[in-house]
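Below is one structure, written out as structure tokens; comments come after it.
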Amino acid sequence: MQRVRDYKQVPVENGYEVHATFGKQKIKVPIATGGYDRLRVFREGDDIVFLSMNTQLEYCGIEVYSLKHETKLEDLFLRGEQINEVLGKRGLDQTDLGIVRKLYHHWSECFC
């Protein structure tokens, strides 16, 4: 899992889009993130993983976009006690990379 640093979070009519380029492939992906959420973008193989977190409101989630299929896949959203069940005792008190790895692993068990 590698962090993607070259992207833009662009406000649109119904929320936000992420604009990024991967090689010759440009993507514009609508994401379900709030204005006060912390957004991070990662890449795992052909999947782009958008991590949204809000520690004040105690929720986090990932949205996965397939570069290979050029489509958005299923998303995973956790709040409250679900966070500790999936991420462990430390919950959101760990690195973004640690959180996204655990969420992506859980996502792949649920949807792949």
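A short reminder: the numbers here are calculations on the coordinates, not readings from a lab. Here the structure is a predicted model, which means the values were calculated and not measured. Cβ placement follows ideal geometry from the backbone for every residue including glycine, while neighbour counts extend to all protein chains displayed.
Between Gly80, Gly34, Gly23, the Gaussian network model of the chain with springs among Cα atoms under 10 angstrom shows the greatest mean-square fluctuation at Gly23. What does the net charge come to around Tyr65 if you take all other residues with beta carbon closer than 13 Å to its beta carbon, with K and R at +1 and D and E at -1? Around Tyr65, the surrounding residues sum to -3.
Ranked for footprinting exposure by Cβ neighbours inside 10 Å, fewest first, Thr95, Thr55 give Thr95, Thr55. Dividing the summed helix terms, -39500 (n - 2.57) for each DSSP H run of n ≥ 4, by the number of residues in the chain produces a 222 nm estimate of -6500 deg cm²/dmol to the nearest 500. Taking the Cα centre of the chain as reference, the dipole from Cβ charges on Lys and Arg (+1) and Asp and Glu (-1) amounts to some 460 debye. Compared with the dominant principal axis of the Cα atoms in the chain, helix 96-111 is inclined by about 80°.
Tally Lys/Arg at +1 and Asp/Glu at -1 over every other residue whose Cβ is under 12 Å from the Cβ of Tyr16; what's the total? Every neighbour counted, the sum reads -2. Counting pairs on different chains as well as pairs 8 or more places apart, how many Lys pairs in the chain have Cα atoms under 17 Å apart? Value for the chain: 9.
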